[in-house]
Amino acid sequence: MGMTMTQKILAAHAGLDSVVAGQLIEAKLDLVLGNDITSPVAVKEFSKIGKEKVFDNSKIAIVPDHFTPNKDIKAAEQCKLIREFAVKQDLKNYFEVGQMGIEHALIPEKGLVVAGDVVIGADSHTCTYGALGAFSTGVGSTDMAAGMATGKAWFKVPGALKFVLTGKPSKYVTGKDVILHIIGMIGVDGALYKSMEFVGDGIKNLSMDSRLSMANMAIEAGAKNGIFPVDELTIEYIKAHSTKEYKAYEADPDAVYDAVYEINLAEVRPTVAFPHLPENTKTVDEIGETEVKIDQVVIGSCTNGRMEDLRMARDILKGKKVAKGVRVVVFPGTQKIYLQAIKEGIATDLVEAGCVFSTPTCGPCLGGHMGILAEGERAVSTTNRNFVGRMGHVKSEVYLASPAVAAASALTGYISNPEKVVK
C-alpha cells in the first residue's frame, strides 16, 4: 500500500519502511518550538523529568511573541522564566525582543525548518511549516517538555485528504482566500486529525507566502497538518534561508486518501469568514456594500504578516485615507519584514493613510493586547480565528479576510470587495 507525503516523512523519522493511518509511532524530532505562553509550562515540566540538559540545544526554538513586548507583570515574569532557561541551556535559537518575530513567520525566515523535517511546537499553528514540505504539528506543553528532553515524540499516523489545485487565482485572491474557501467547503472538523495534502499544477501559481498562509490554517479545519509538495519555488526559498540539508518526499501514486477535492483557483473569490467560526464563509459577491460596518482592521499575524501581505495592503491604501471611525493596526511578522517594509516605503504609506504600524507580536490575534475589541465592536482581521471573544469582548465580532479585503474595508468602513474599491 502506498504512502502519502506525510506518512513517508513520519516513517523515515521512525526508522520504519512504511506506516499506515492509525499506527502509533515514535519519531525523531528536528525542531521543538515554544512561545512565551506555552514554554513556561514546558520548562516547569522539563524540570520534573530529571534531565539536566535538553537533547540538542540547536534544535530547540523559543520565541516570546504572544504578550511581548511585555504586556504586564505576569507576561514579564513568564518571559523572565524562559529567558533564564534559554541561558542555562545555552539555546541557540532563543529570540528576544529586538530579534524576535511572530514565531511562525520567524522560524521559516531563520531557516530552522526545511523539507522533510519533523517539527512539533507548543502552538496550534505550528502546522505552518508544511508549506516547506515538512511535517509540523502543534502539541501541548508537556509534549514540548518531553520533546526537549528526548528529541522524540509519539504520533498516531494521520490519514489524508487530497486537494488538487488547478488554474490561476485572480488579482485579489491569495492563499488566505483559498484556505477560507476550503474551510467553508469542508467545515472546521472536515479534516479532523488528517493531513491536508495540496497538489496540482495550480500550486505553481501560489507564492510561498500564500502557501505558508494556507498551511497555517490547516488546523482551522481540524487537521493534524497541512503540506505542500517540494517544487522549484520551495527549494529556492529553502536555499535562500537555510544551510540545513533537506529531503523532498513525494506521495506514492497509490497512496490512500479519505477524500479528494478539486479546486480551480480561477474560480475562488475573495472570501470572508463571518463570526464565530472560520467555516462561516461568504464571498465578497455575497456581502452587501453596507451590510457589515466595522470599527477596526488588523493586518498581520502568523497567517498574513509577510511581505506579500503588506505590499498588497499598501497598494490599496497608498495615497488614500482610512475611513473616519475605523482603527487600522498593522503587525509585520518579523523584524526583517518590518525593515523591508520601511525600505520599500510601505510603513510610510500605511501610516500616512491613517494606520498604526506596530512591532511584531501576536497580541491582537488572541485578544492579548494592542487591538482589543470592546462590546459590540467589529473587526476585519487577517488573523486565523474568529471564535466568541477571540479578540476581546464576548459580544464583539471578528471577520477573517485577506489583506486585500481588509485594506479595502479600511477605506470604506464596511466589509468591501477590493475589486470595487480600487479603481
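The values are calculated or read from the model by the stated rules, or taken from the named source; none is laboratory data. All of these numbers come straight from a predicted model, not from anything done at the bench. Cβ atoms come from the backbone with ideal geometry, glycine included; neighbour counts cover every protein chain shown. Heavy atoms of the whole protein, side chains included, go into the accessibility calculation; ligands, DNA and RNA do not. Shrake-Rupley method; radii C 1.70, N 1.55, O 1.52, S 1.80 Å.
Going residue by residue through region 286-309, is there one that turns out to be of a type outside the set (D, E, K, R), open to solvent by 50 Å² or more (accessible area, probe 1.4 Å) and closer than 28 Å to Asp65 by Cα? Give the derivation first.
Here is the first cut: in region 286-309, the residues of a type outside the set (D, E, K, R) are 287-288, 290, 292, 294, 296-305, 307.
Now restrict to residues that are open to solvent by 50 Å² or more (accessible area, probe 1.4 Å): 290.
Imposing the further condition that a residue be closer than 28 Å to Asp65 by Cα reduces the set to none.
There is no residue in region 286-309 that is of a type outside the set (D, E, K, R), open to solvent by 50 Å² or more (accessible area, probe 1.4 Å) and closer than 28 Å to Asp65 by Cα.
Does region 101-142 hold any residues that are outside any strand (DSSP E or B), aliphatic (A, V, I, L, M) and over 16 Å from His241 (Cα atoms), and which are they?
Ile102, Ala122, Val139
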key: Condition met for Lys343 (of a type in the set (D, E, K, R), under 23 Å from the mean Cα position of the chain (by Cα) and open to solvent by 60 Å² or more (accessible area, probe 1.4 Å))   = no
message = Quick check on region 399-409. Is at least one of its residues surrounded by fewer than 23 Cβ atoms within 10 Å (Cβ to Cβ) and part of a loop (DSSP other than H, G, I, E, B)?
response = no
ask   = Which condition number does Lys282 fail, the rest of (1) open to solvent by less than 20 Å² (accessible area, probe 1.4 Å); (2) in contact with a strand residue (DSSP E or B) (Cβ under 7 Å, 6 or more places away or on another chain); (3) more than 26 Å from Thr68 (Cα to Cα) being met?
value = (1)
query = Can you name the residue in region 359-386 that is open to solvent by 40 Å² or more (accessible area, probe 1.4 Å) and hydrophobic (A, V, I, L, M, F, W, C) and is also nearest to Lys293 (Cα to Cα) among such residues?
reply = Ala374
Matching residues in region 213-243 - criterion: being open to solvent by 60 Å² or more (accessible area, probe 1.4 Å) and at pLDDT below 95 = Thr243
key: Spans of strands (runs of 3 or more DSSP E) in region 1-71 with at least 1 residues in contact with a strand residue (DSSP E or B) (Cβ under 6 Å, 6 or more places away or on another chain), under 14 Å from Gly147 (Cα atoms) and open to solvent by 10 Å² or more (accessible area, probe 1.4 Å)   = 24-28
inquiry  = Going residue by residue through region 167-180, is there one that turns out to be outside any loop (DSSP other than H, G, I, E, B) and open to solvent by 10 Å² or more (accessible area, probe 1.4 Å)?
reply    = no
task = Can you work out which of the residues in region 378-392 that are touching a strand residue (DSSP E or B) at 6+ places or on another chain (Cβ under 6 Å) and of a type outside the set (Lys, Arg) is modelled with the lowest pLDDT?
result = Met391
